[in-house]
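S.K.: The structure follows.
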Amino acid sequence: MTTHMIAPSTQELRLALPKVQVQGLAVEYNDTDGLVLDGVNLDLYPGEMVALLGSSGSGKSTLMKSLTGFAPITEGSVRVAGYDVTNLKRGEIRDLRARTGQVFQQFNLIGRLSVLTNVLTGGLHSSGPFNILGGFTTAQRKRALELLDRVGIAHKANDQARSLSGGQQQRVAIARALMQDPQLILADEPVASLDPKLSDSVLELLRSIAHEDGIPVLVSLHVLPLALRHSDRIVGLKHGKMLVSAPTNTLDAAQLEVLYDGEENGDDTDH
Ligand SMILES: Nc1ncnc2c1ncn2[C@@H]1O[C@H](COP(=O)(O)OP(=O)(O)OP(=O)(O)O)[C@@H](O)[C@H]1O
């Protein structure tokens, strides 16, 4: 699938209000191990693809979890799509998670169910519990098929999810996330199990969704060249502190080395 994208300029992005506002965020899992995130500030704007970099254990997943109320926040404020994540009222946690699309390294599909049903499950949070075997409406099925068409695998709609390749499964997971009508998409290492060519195409798809739908996409990556090729902005963590936050076109690989200290740094060997 070829996508010709015109990336919104930084100035255009800044005209919108941020969907995510993180200020002075500190997270501590248990008080003997110290802070896992420390003084993190992050705004995410509609329509931008932001790559989150940092070596293993730097806090990337924890930062993502903080945005949906899954991390023990000890200080700071986190606002996502109007929700105050540090002080969620009853029902708000469910609403927030229902409107946050999540994409994972291992795809997290239900392998024995059809591709179409997997996409339909993306709408379950918002429509409430119902019979998964017959409870989807015609409109929901139509929407799910449209989304599968958008991610390029409508012809696989009736196949079992587990019969698809890794790249195809990740596309199903992205369609499932879109079925949630997301305010935000969090993609935690979405291409870590894919080969280089598929990695490029999946990241290109995520970026086109950010630009076309005006959804902020936060994507954690281990491979630095992928971040340089497929993001509008790069945010870098080291030992829980944010050391880098800049438009991608102002950065190069050498400037990002500071995040890695000679550790594995996502060189270009495989990608
Ligand atoms: N549930 C938890 N309980 C206690 N400590 C945790 C928990 N989750 C993460 N940590 C610790 O927090 C630190 C940051 O972990 P996190 O998973 O956020 O890093 P990461 O940058 O996503 O790493 P990776 O790239 O390996 O996935 C690590 O030291 C980790 O051991």
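The values are calculated or read from the model by the stated rules, or taken from the named source; none is laboratory data. Just so we're clear, the structure is a prediction, and the values are computed from it rather than from any experiment. Using ideal geometry, Cβ is built from the backbone for each residue, glycine included, and neighbour counts are taken over all protein chains shown. The area values use the complete protein model at the heavy-atom level, side chains included, leaving out ligands, DNA and RNA. Shrake-Rupley method; radii C 1.70, N 1.55, O 1.52, S 1.80 Å.
S.K.: How large are Rg and Dmax for the chain when only the alpha carbon atoms are used, in Å?
M.R.: 18.3, 54
S.K.: Also, I was wondering about something else. Could you rank R150, R79, R162, R176 by how accessible they are, 1.4 Å probe, largest area first?
M.R.: R162, R79, R150, R176
S.K.: Across segment 148-271, what fraction of all alpha-carbon pairs, as a whole percent, falls in each successive 10 Å bin from zero upward?
M.R.: Result, from short to long distances: 12, 42, 32, 13, 2 percent.
S.K.: Suppose R0 equals 45 Å. What FRET efficiency, 1/(1 + (r/R0)^6) with r the Cβ-Cβ distance, do D213 and D31 give to the nearest 0.05?
M.R.: 0.65
S.K.: Assuming R0 = 35 Å, can you tell me the calculated FRET efficiency for the pair V258 and E75, based on Cβ-Cβ distance, to the nearest 0.05?
M.R.: E between V258 and E75, to the nearest 0.05, is 0.90.
S.K.: Quick check on my link table: of K60/K89; K89/K241; K197/K238; K89/K156, which ones sit more than 32 Å apart, alpha carbon to alpha carbon?
M.R.: Table pairs above 32 Å Cα-Cα are K89/K156.
S.K.: Which value in nm describes the separation of the simple spin-label points at D84 and A192, placed 7 Å from the Cα toward the beta carbon?
M.R.: Rounded to a tenth, the inter-label distance reads 3.4 nm.
S.K.: Would you please state which residues of segment 85-118 a label at Q160 would reach in this model, taking the label point 7 Å out along Cα→Cβ and a backbone N cut-off of under 14 Å?
M.R.: 110-115
S.K.: So, one more: Which order do you get for E204, E189, E146, E212 if you rank them by accessible area with a 1.4 Å probe, largest at the top?
M.R.: Ranked list, largest accessible area first: E212, E146, E204, E189.
S.K.: Could you give me the ³J(HN,Hα) list for segment 57-67, computed from phi with Karplus coefficients 6.51, -1.76, 1.60 and θ = phi - 60°, whole Hz, x at Gly and Pro?
M.R.: With the stated coefficients, segment 57-67 comes to x, 6, x, 4, 5, 5, 4, 4, 5, 4, 7 Hz.
S.K.: Amide H to amide H, which residues 5 or more places from E75 or on other chains are under 5 Å from it, using H placed in the peptide plane?
M.R.: The answer is A26.
S.K.: Another question, then. Do you know the relative contact order of segment 104-239, to the nearest whole percent, from alpha carbon pairs under 8 angstrom that are 6+ apart?
M.R.: After rounding, I find 28 percent.
S.K.: Then there is this: Can you compute the helix-only [θ] at 222 nm over the chain? Use -39500 (n - 2.57) per DSSP H run of at least 4 residues, normalise by all residues, nearest 500 deg cm²/dmol.
M.R.: So the calculated ellipticity at 222 nm is -9000 deg cm²/dmol.
S.K.: In a shell of Cβ-Cβ distance under 14 Å around T250, excluding T250 itself, what net charge do Lys and Arg (+1) and Asp and Glu (-1) give?
M.R.: -1
S.K.: Which three numbers, in whole Å and largest first, are the semi-axes of the equivalent ellipsoid of segment 123-215 derived from its Cα gyration tensor as √(5λ)?
M.R.: 23, 16, 12
S.K.: Counting residues in segment 191-256 as N, plug N into 2.2 N^0.38 Å and put the Cα Rg over that result.
M.R.: Its radius of gyration relative to the 2.2 N^0.38 Å reference: 1.12.
S.K.: Moving on. Would you tell me the accessible area of L35, worked out with a 1.4 angstrom probe on the heavy atoms of the protein chains, in Å² to the nearest 10?
M.R.: Around 80 Å² of this residue is reachable by solvent.
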